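Enquirer: Take this structure first; my questions come after.
The values are calculated or read from the model by the stated rules, or taken from the named source; none is laboratory data. Nothing here was measured: the structure is a model prediction, and the numbers come from that model. No Cβ is skipped: glycine too gets one built from the backbone with ideal geometry, and neighbour counts run over all protein chains shown. Calculation scope for accessible area: heavy atoms of the full protein, side chains included, ligands and nucleic acids excluded. Shrake-Rupley method; radii C 1.70, N 1.55, O 1.52, S 1.80 Å.
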Amino acid sequence: MAPTPGSSGRTRIHVVSDVHGNARDLARAGEGADALVCLGDLVLFLDYADHSRGIFPDLFGVENADRIVELRTARRFEEARAFGARLWAGIGSERATVIEKAIRKQYAELFAAFPAPTYATYGNVDMPTLWPEYAGPGITVLDGERVEIGGWAFGFVGGGLRTPMRTPYEISDEEYAAKIEAVGEVDVLCTHIPPEVPELVYDTVARRFERGSRALLDAIRRTRPRYALFGHVHQPLVRRMRIGATECVNVGHFAGSGKPWALEW
């Protein structure tokens with residue numbers, strides 16, 4: 001990593017999202033860049049491509065992971081919730097402690113892999129309350145905030161909107177819209193979830209529409225950033241499209257690809 005973005009006359013930023021436990025590749029994600037931007041989802045609860053990976057199979061085994069993926073993929077969310085509740089009942093009152101311990105283990109490894117400087121926001125499966133303990137020097141956490149990198153203004157909005165999945169950091173549409181409003185006009189708008197556009201929110205493998213943000217879409221049309229960068233949808237129908245003057249880019253499923261998306265100016 002270069003010490004000062006833009007010191008060579010040009011600035012190169014690497015962007016990752018949906019890291020989901022991939023600390024090995026994260027440690028190399030900033031190579032050749034002035035800064036790394038992370039759009040969240042560090043935690044791996046369950047890998048839909050490999051059901052043996054994540055907190056869920058570690059606790060309940062691969063067969064149960066197979067079953068809950070099957071139910072969720074079929075959009076049988078109530079059955080999936082009931083099935084999960086029966087499994088968690090076996091852990092009882094220790095559930096919160098067990099989950100936090102597993103997440104802390106992942107965060108310790110992942111935050112240690114971040115290069116400096118890194119600018120990061122939360123994904124919908126993250127636990128924001130734990131981040132201050134792990135975000136050391138050189139790691140700037142932003143949510144509903146903005147920062148200048150290489151002379152460009154970057155705005156960050158983390159988390160996801162409420163869904164039947166009930167992941168840890170889902171917030172109301174109103175709270176999300178307020179964070180978008182707080183960011184204001186920027187050159188690059190960085191979020192975890194995409195704007196509410198069918199082609200950008202449809203996952204071709206999960207065969208479902210994820211939740212995007214209408215407030216984000218409205219802000220893109222109104223404030224016309226150069227770029228809107230996001231992740232969340234692992235296998236989108238469309239990875240890149242223009243909305244007016246703005247290039248909208250799904251930066252990719254880093255857990256699977258191990259490769260960051262690059263932006264240079």
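Enquirer: Per-residue counts of other Cβ atoms within 10 Å, averaged by peptide: what ranking do you get for 64-74, 248-258, highest first?
Expert: Working: 64-74: 17.1, 248-258: 21.3.
Highest mean packing first, the order is 248-258, 64-74.
Enquirer: Quick one: P(r) of region 142-238 from all Cα-Cα pairs, 5 Å bins, percents rounded to integers, in order of increasing distance.
Expert: Reading upward from the zero bin: 3, 14, 25, 25, 18, 11, 4, 1, 0.
Enquirer: Tell me which aspartates and glutamates have Cα within less than 14 Å of residue 105's Cα, excluding those fewer than 8 residues away on the same chain?
Expert: 58, 126, 133
Enquirer: By how many degrees, 0 to 90 and rounded to 10, does the Cα axis of helix 95-113 deviate from the longest principal axis of the chain?
Expert: With rounding to tens, the tilt is 30 degrees.
Enquirer: By what distance, in whole Å, do the Cα atoms of region 107-154 stretch along each of the three principal axes, largest value first?
Expert: 32, 21, 14
Enquirer: Beyond 28 Å, how much of the Cα-Cα pair distribution for the chain remains, as a whole percent?
Expert: On the way: 11149 of 34980 pairs.
The proportion of pairs with Cα distances above 28 Å equals 32 percent.
Enquirer: Might you work out the accessible area of residue 204 for me, using a 1.4 Å probe with all protein chains in place, and round it to the nearest 10 Å²?
Expert: Rounded to the nearest 10, that gives 70 Å².
Enquirer: Same structure, new question: Per residue and in Å³, how big is the convex hull formed by the alpha-carbon atoms of region 95-184? Mind dumping the intermediate values first?
Expert: Details: hull volume 8.8 nm³, N = 90.
Residue-normalised Cα hull volume stands at 98 Å³.
Enquirer: Restricting to the chain, what percent of DSSP beta bridges are antiparallel, rounded to 5? Write down the numbers at each step before the final one.
Expert: Details: 16 of 40 bridges.
Around 40 percent of the beta bridges assigned by DSSP in the chain are antiparallel ones.
Enquirer: Same structure again: Can you tell me what share of the DSSP beta bridges in region 124-231 is antiparallel? A percent to the nearest 5 is fine. Kindly include the intermediate steps, with their values, before the conclusion.
Expert: Numbers: 7 of 17 bridges.
The answer is about 40 percent antiparallel.
Enquirer: In region 174-216, which trypsin sites (Lys or Arg not before Pro) are in a loop and have at most 11 other Cβ atoms within 10 Å, using DSSP for the loop call?
Expert: Sparse-neighbourhood loop trypsin sites (Lys or Arg not before Pro): 207.
Enquirer: Okay, moving on. Using alpha carbons only, how many degrees (0 to 90, rounded to 10) separate the axis of helix 173-183 from the longest principal axis of the chain?
Expert: Taking Cα atoms only, the helix is inclined about 20 degrees.
Enquirer: Moving to a separate point now. Evaluate the charge dipole of the chain about its Cα centre and quote only its size in Debye, nearest 20, assuming +1 on the Cβ of each Lys and Arg and -1 on the Cβ of each Asp and Glu. Mind dumping the intermediate values first?
Expert: Details: 31 positive and 35 negative charges, 88 e Å.
Charge dipole of the chain: 420 debye, to the nearest 20.
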